[in-house]
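The values are calculated or read from the model by the stated rules, or taken from the named source; none is laboratory data. Everything numeric here is computed off the predicted structure, so don't read it as measured data. Cβ sites come from the backbone with ideal geometry, for glycine too, and all protein chains shown count toward neighbours.
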Amino acid sequence: MEQAVTSPKSTGALKKVFLSIGLLAILGWVAIVISQMHDVESTGLHGQVAPDFTLTLFDQFDQDSITLSELRGQVVVINFWASWCVECFKEADLLEQAWREHQDRGVVFLGVDYLDTEKEAQAYMDKYNITYPSGPDLGSKISKDYAITGVPETIFIDKDGNIAHVQIGPIEHQQLYQLLNDLMAQPGQGT
């Protein structure tokens with residue numbers, strides 16, 4: 001009786017094939033999850049008072065920091081982003097455009113840079129000409145307080161300081177502008 005002998009070369013090649021198939025399956029699953037997050041809203045925070053925080057801003061901004069509670073009476077859009085986030089690139093131009101159109105109408109945009117380095121964050125802001133106040137989430141404290149699930153994630157806060165909408169994944173033009181218009185039209189208790 002003769003035994004079949006497998007060569008080390010064929011065993012290594014077989015391992016590579018199985019690893020490649022496994023990697024493709026994982027990447028496919030990740031792609032499906034990301035594509036389904038597009039219009040997802042987390043309702044866990046909806047209607048709650050937005051946790052207060054002070055965001056230390058990057059050097060190019062006129063002030064050193066911004067405290068959320070000092071913005072009461074205005075609509076606030078908090079965008080959690082990172083330079084390494086592929087999905088963040090999809091909404092960067094749109095957010096900047098909306099900021100420029102609404103900054104004189106009682107709307108404040110804040111960019112919270114998540115798990116990033118300053119050098120890469122600066123390159124991202126330069127590439128997309130981000131002019132709304134942005135800063136790093138030092139120690140991930142703000143992200144934890146808002147229980148973000150990843151980036152991008154955008155929190156819309158009404159004039160009374162309550163969370164009106166949580167957008168998981170990139171936001172589209174129509175939805176962004178509709179949310180802004182609705183929130184600007186609402187009277188705040190202090191207005």
Of the listed residues (Q174, Q122), the one being polar (S, T, N, Q), in contact with an Asp or Glu (Cβ under 9 Å, 6 or more places away or on another chain) and either farther than 26 Å from Q60 by Cα or not in a loop (DSSP other than H, G, I, E, B) (or both) is Q122
Is it fair to say A98 is in a helix (DSSP H, G or I) and over 21 Å from Q186 (Cβ atoms)? no
State yes or no: is V112 of a type in the set (V, I, T), in contact with an Asp or Glu (Cβ under 6 Å, 6 or more places away or on another chain) and at pLDDT 95 or above? yes
So, F58, is that one among the hydrophobic types (A, V, I, L, M, F, W, C), within 25 Å of T149 (Cα to Cα), out of contact with any strand residue (DSSP E or B) (no Cβ under 8 Å at 6 or more places or on another chain) and not in a strand (DSSP E or B) or not? no
For D64, only one of the following conditions fails: (1) in contact with a Ser or Thr (Cβ under 9 Å, 6 or more places away or on another chain); (2) more than 30 Å from Q186 (Cα to Cα); (3) touching a residue at least 12 places away in the same chain (Cβ under 8 Å). What is its number? (3)
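In contact with a strand residue (DSSP E or B) (Cβ under 8 Å, 6 or more places away or on another chain), surrounded by 20 or more Cβ atoms within 10 Å (Cβ to Cβ), part of a loop (DSSP other than H, G, I, E, B) and free of Cβ contacts under 8 Å to residues at least 60 places away in the same chain: is that true of I148 in this structure? Full working, then the answer.
Numbers: in contact with a strand residue (DSSP E or B) (Cβ under 8 Å, 6 or more places away or on another chain): yes; surrounded by 20 or more Cβ atoms within 10 Å (Cβ to Cβ): yes; part of a loop (DSSP other than H, G, I, E, B): yes; free of Cβ contacts under 8 Å to residues at least 60 places away in the same chain: no.
Criteria not met by I148.
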